[in-house]
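**Q** My questions all concern the structure below.
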Amino acid sequence: MKFFIDTANLAQIREAAELGVLDGVTTNPSLMAKEGIRGREAIDQHYKTICEIVDGDISAEVLSINKDEIIEEGKKLAAIHPNIVVKVPMVKDGIKAIRWFTDNGIRTNCTLIFSAGQAILAAKAGASYVSPFIGRIDDTGWDGMELIGQISNIFSIQGYKTEILAASIRTSNHIVRAAELGADVCTCPLESILGLLKHPLTDLGLAKFLEDAKKM
Ligand code: E4P
């Protein structure tokens, strides 16, 4: 399973990249706004900088919801760097635009996936990735991970090439479950990635080794 970081924060992207386990980055309008990135020029420059830090797929989301505008915006985003993947929302015009991008060699990530039916539609349109939002499903009282398992089964039965990108990750355990259930990629906040390091028995064991090392 590939690891992406889900942020537009450059310090966090650098920290994750330094771990040596980072395969890409996902952003969205909320994450970009959080970093104070405003205006076309600043947005494009921010994506360029991210592409310089991480040599992997970088999802850049379109702000339009109309087919022609999504296509125009997506073409410009894709021209920023070969690693840019155009992130398109799961709406009817989004599916039409994904089909156009597929036919024209531009890779896409279909975002805001909350059902297996939506994932099937995006895969049929040729999306490179589908992004089911685990945490947001959990927030409604349902089990987001069930959707990962369901999409994983369907894609394997149908032989779809679209990769399953588990998104809206809230915990380190989400990452483990996504791996178990066959997600191809997990996009995570830095703290969930770093959380994988932690176990109290590791801390206790290390403290004991360090103490005993003084007696060596
Ligand atoms: C994925 O690409 C989205 O940007 C992200 O995972 C959404 O996560 P959130 O539900 O924590 O906002």
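The values are calculated or read from the model by the stated rules, or taken from the named source; none is laboratory data. Because the structure is predicted, anything quoted here is derived from the model rather than measured. Glycine gets a Cβ as well: all are built from the backbone with ideal geometry, and neighbour counts include every protein chain shown. All accessible areas refer to the heavy atoms of the entire protein, side chains included, with ligands and DNA or RNA removed. Shrake-Rupley method; radii C 1.70, N 1.55, O 1.52, S 1.80 Å.
**Q** Here is a check on your reading of the model: is L165 assigned to a helix (DSSP H, G or I), within 19 Å of the chain's Cα centre (by Cα) and touching a residue at least 24 places away in the same chain (Cβ under 8 Å)?
**A** Working: assigned to a helix (DSSP H, G or I): no; within 19 Å of the chain's Cα centre (by Cα): yes; touching a residue at least 24 places away in the same chain (Cβ under 8 Å): yes.
Against the criterion (assigned to a helix (DSSP H, G or I), within 19 Å of the chain's Cα centre (by Cα) and touching a residue at least 24 places away in the same chain (Cβ under 8 Å)), L165 does not qualify.
**Q** If the requirement is being of a type in the set (S, T, Y) and out of contact with any helix residue (DSSP H, G or I) (no Cβ under 6 Å at 6 or more places or on another chain), which of these qualifies: S192, S156?
**A** Details: S192 fails: out of contact with any helix residue (DSSP H, G or I) (no Cβ under 6 Å at 6 or more places or on another chain).
S156 is the lone residue from the list that is of a type in the set (S, T, Y) and out of contact with any helix residue (DSSP H, G or I) (no Cβ under 6 Å at 6 or more places or on another chain).
**Q** Right, something else. If only one of E211, E191 is under 15 Å from F3 (Cβ atoms) and open to solvent by 30 Å² or more (accessible area, probe 1.4 Å), which one is it?
**A** Testing whether each residue is under 15 Å from F3 (Cβ atoms) and open to solvent by 30 Å² or more (accessible area, probe 1.4 Å) leaves just E191.
**Q** Now a separate question. Checking T49 against (1) surrounded by fewer than 14 Cβ atoms within 10 Å (Cβ to Cβ); (2) among the hydroxyl-bearing types (S, T, Y); (3) in contact with a Lys or Arg (Cβ under 8 Å, 6 or more places away or on another chain): exactly one of these is not met. Which one?
**A** Answer for T49: the failing condition is (3).
**Q** Given (1) within 14 Å of the ligand (Cβ to nearest atom); (2) touching a helix residue (DSSP H, G or I) at 6+ places or on another chain (Cβ under 7 Å), identify the lone condition not met by L165.
**A** (2)
**Q** Quick check: anything in segment 88-105 touching a residue at least 12 places away in the same chain (Cβ under 8 Å), open to solvent by 70 Å² or more (accessible area, probe 1.4 Å), within 16 Å of the ligand (Cβ to nearest atom) and outside any helix (DSSP H, G or I)?
**A** No, there is no match, as no residue in segment 88-105 is touching a residue at least 12 places away in the same chain (Cβ under 8 Å), open to solvent by 70 Å² or more (accessible area, probe 1.4 Å), within 16 Å of the ligand (Cβ to nearest atom) and outside any helix (DSSP H, G or I).
**Q** So is E41 farther than 26 Å from I175 by Cα and open to solvent by 50 Å² or more (accessible area, probe 1.4 Å) or not? So that I can check it myself, show each step before the final result.
**A** Working: farther than 26 Å from I175 by Cα: yes; open to solvent by 50 Å² or more (accessible area, probe 1.4 Å): yes.
Answer is yes for this residue.
**Q** What number of residues within segment 168-179 satisfy the criterion of being outside any loop (DSSP other than H, G, I, E, B) and open to solvent by 50 Å² or more (accessible area, probe 1.4 Å)?
**A** So in segment 168-179, the residues outside any loop (DSSP other than H, G, I, E, B) come out as 172-179.
From what is left, the residues that are open to solvent by 50 Å² or more (accessible area, probe 1.4 Å) are 173, 176-177, 179.
Of the residues in segment 168-179, 4 are outside any loop (DSSP other than H, G, I, E, B) and open to solvent by 50 Å² or more (accessible area, probe 1.4 Å).
**Q** Now, a different point. Taking interchain pairs and intrachain pairs at least six residues apart, which have beta carbon atoms under 6 angstrom, with the first residue in segment 27-53 and under 21 Å from V88 (Cβ atoms) and the second open to solvent by 40 Å² or more (accessible area, probe 1.4 Å) and more than 16 Å from the ligand (Cβ to nearest atom)?
**A** Taking only residues 6 or more apart or on different chains, the pairs are C51/H81.
**Q** Do we find a residue being within 15 Å of the ligand (Cβ to nearest atom), touching a Cys at 6+ places or on another chain (Cβ under 7 Å), on the phi < 0 side of the Ramachandran plot and not acidic (D, E) anywhere in segment 170-183?
**A** Checked segment 170-183: at least one residue is within 15 Å of the ligand (Cβ to nearest atom), touching a Cys at 6+ places or on another chain (Cβ under 7 Å), on the phi < 0 side of the Ramachandran plot and not acidic (D, E).
**Q** Considering only segment 52-79, how many residues are open to solvent by 30 Å² or more (accessible area, probe 1.4 Å), closer than 21 Å to N104 by Cα and out of contact with any Pro (no Cβ under 9 Å at 6 or more places or on another chain)? Give the derivation first.
**A** Let us first name the residues in segment 52-79 that are open to solvent by 30 Å² or more (accessible area, probe 1.4 Å), namely 52-53, 55, 63, 65-69, 72, 75-76, 79.
If we keep only those that are closer than 21 Å to N104 by Cα too, we end up with 63, 65-69, 72, 75-76, 79.
Now narrow it down to the ones that are out of contact with any Pro (no Cβ under 9 Å at 6 or more places or on another chain): 66-69, 72, 75-76, 79.
Here the count works out to 8.
**Q** In segment 106-157, which residues are away from the ligand (no atom under 16 Å from the Cβ) and of a type in the set (A, V, I, L, M, F, W, C)?
**A** If the condition is that a residue be away from the ligand (no atom under 16 Å from the Cβ) and of a type in the set (A, V, I, L, M, F, W, C), then I106, A116, I120, L121, A123, A125, I154, F155, I157 are the ones that fit.
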